[in-house]
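Laboratory data are not the source of any read-out in this text; all were calculated from the coordinates shown. Please read these numbers as outputs of a predicted model, since none were measured by experiment. Neighbour counts run over all protein chains shown; Cβ positions are idealised from the backbone, glycine included.
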Amino acid sequence: MQARVQAEQLREQQVEAEQAERLHQQLSLPPEEQWKAVEGMLRMMLGKRFSKEEMQALKEACRSGKYSAAELAHQATRAAALLELEDFVTSLRQKLKP
């Protein structure tokens, strides 16, 4: 039983390390490429919660470098895992208002 728990913990650590490396790589990209790298994921997570206009504003803000698309994708994923996605969406929506 203890070996199983240790194996699960090791796997979790590996997944976290892979996610950290992916985030680091994405953060090193220029804003336009960051957006391309995470656009699908952001659209999947936020598309039903954001209007077309809000998604366009998000796209423009990320492509211009105002916000890091990679960081937003990371934050959205974390918020979803913690069951806090609605709070994240509300906060992001406020930030995007002109």
Helical mean residue ellipticity (222 nm; -39500 (n - 2.57) per DSSP H run of 4+; nearest 500) of the chain: -27000 deg cm²/dmol
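Assign unit charges at the C-beta atoms only (+1 for Lys and Arg, -1 for Asp and Glu), then state the dipole size of region 2-96 relative to its Cα centre in Debye, rounded to the nearest 20.
280
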Volume in Å³ per residue [convex hull over Cα atoms, computed for the chain]: 96
Under 16 Å Cα to Cα from Lys36, which lysines show up? Leave out anything in the same chain fewer than 8 places away. Lys59, Lys66
Please work out the FRET efficiency for the pair Val15 and Arg43, using the Cβ-Cβ distance as r and a Förster radius of 22 Å; give the result to the nearest 0.05. 0.40
With contacts defined as alpha carbon pairs under 8 Å and 6 or more residues apart, what's the relative contact order of the chain in percent? 29
Alpha-carbon centroid distance for the pair region 1-36 / region 46-77, whole angstrom: 21
Quick check: the angle from helix 69-81's long axis to the longest principal axis of the chain, C-alpha only, nearest 10 degrees? 60
Roughly what angle does helix 2-27 make with the longest principal axis of the chain, taking Cα atoms, 0 to 90 degrees, to the nearest 10? 30
Which ³J(HN,Hα) values in Hz, rounded to whole numbers, follow from the phi angles of region 42-51 under the Karplus curve 6.51 cos²θ - 1.76 cosθ + 1.60, where θ = phi - 60° and Gly and Pro get x? 5, 5, 5, 7, 10, x, 7, 9, 9, 6
